[in-house]
1. Quick one: compute the contact order of chain A, relative version, from alpha carbon pairs under 8 angstrom and 6+ residues apart, as a percent.
2. What do you get when you divide the Cα radius of gyration of the range B:51-131 by 2.2 N^0.38 Å, with N the number of residues?
3. Over all residues in A:169-181, what is the mean tally of Cβ atoms on other chains that come within 10 Å of each residue's Cβ?
4. Running a GNM on chain B with Cα contacts under 10 Å, which residue among B:113, B:93, B:17 ends up with the highest mean-square fluctuation?
5. Any idea what the relative contact order of chain B is, in percent, if you count C-alpha pairs under 8 Å spaced at least 6 apart?
6. Rounded, prolate or oblate: which one fits chain A, using the alpha carbon gyration tensor with axes a ≥ b ≥ c (rounded when a/c is under 1.5, else prolate when a/b beats b/c, else oblate)?
7. Shielding of B:4-14 by partners, i.e. mean partner chain Cβ atoms within 10 Å per residue?
8. Output needed: percent of Cα pairs per 5 Å distance bin for chain B, bins running from 0 to the one holding the longest distance.
């Protein structure tokens, strides 16, 4: 094949530079090698796992109600789980509200909009990025270690995680704002405060609300997980029940989680459509 | 000042958008709290009437057509009660019919209210049809400043087409 010239003036075979083609093939080779290495590492362990179908019958079976007696038991367990369910919801809501309220002003300092000097806002944003990279469950462990087990630990964990995540997302929304209305506010004689209130906030408000609602959804799921390390709610109940092999309760809790998550997912979706 | 992209707040009402024009006359505190005076509110409605949008004050700007949006923008400019209206490519994003409507509105406003309108545009036909004085720029210099009738086809090539593009077709 005759080489052709691509847009940057280099000779290529199919529009892509030779160097770029080499990189592509190298990458494919490395990826295949990585996959092979991964599977080779797993083979010794694969030989040791037992037959799963037996485990399904013994472990998952009791989770599903099989008889009328099972259903009645499930109902009585349900009533005792009510409290745990409420605390899961309370942790998620309190954590999200506190996190979002603080993230709102914090985002102004982390956004590269020129209101705060660029180096300062860049530095603040980096701090938040570092905070974001800590997995929620680690934060939960640390908070539980500091303040003890229970719902308060859960709420504090979620507030912290929400604060860090939302500040970054809100700041990004501020950065992608359309400069047109801002110019218009300046043109009619508005000062910086007016530029902010009339140029920026009307543009980012829908994003703020929908992001906050989305994080409420995520926090509900997280509050299940952090319960596993003792931060309260249904997750803590679940952990207890697994330890004592009360599989019927485990099945019920998992079912409640599935229903709850889907319900919140749907409500959040509808609310976000209204606001954005 | 009015703009090519209108620069309105789409999510807010027409009335609120026009009121934004009064920000230069308000204290910081009132602006931040969205506290516009009764006179300002009445003035905004009056300006909406003058641009032909009476009754649309409660609509969201995003539900309006391009021509209506530009009228809202003009109302926002009028509410400042200034003597000059600056239009930066105000008709570039509008269809042919609406272009003429907006130009007609600007001409009416300047004749009735003694408003001086300065428009930057690249539509020569529109300029010749509606404006009373045309200033031409080329290569960063003013090359023409006279009545529209004097901007004939022969003159245009010299006066407006940049030197590098001359002789290309």
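Read-outs throughout are calculated quantities, based only on the coordinates presented, and are distinct from any laboratory measurement. Just so we're clear, the structure is a prediction, and the values are computed from it rather than from any experiment. Every residue, glycine among them, receives a Cβ derived from its backbone with ideal geometry; neighbour counts consider all protein chains shown.
1. On the way: 298 pairs, mean separation 62.9, N = 276.
Worked out over chain A, it gives 23 percent.
2. Numbers: Rg = 12.5 Å, N = 81, 2.2 N^0.38 = 11.7 Å.
Relative to the 2.2 N^0.38 Å estimate, the range B:51-131 comes out at 1.07.
3. Numbers: counts 0, 0, 0, 0, 0, 0, 0, 0, 0, 4, 2, 7, 10.
Rounded to a whole number, the mean comes out at 2.
4. B:113
5. On the way: 216 pairs, mean separation 36.6, N = 169.
Answer for chain B is 22 percent.
6. Numbers: a/c = 2.43, a/b = 1.25, b/c = 1.95.
Oblate, since a/c reaches 1.5 and b/c is not below a/b.
7. Details: counts 1, 6, 3, 10, 3, 10, 4, 6, 3, 0, 0.
Per residue, the average neighbour count from other chains is 4.
8. For chain B, the binned pair fractions read 1, 8, 16, 18, 17, 13, 9, 7, 6, 3, 1, 0 percent.
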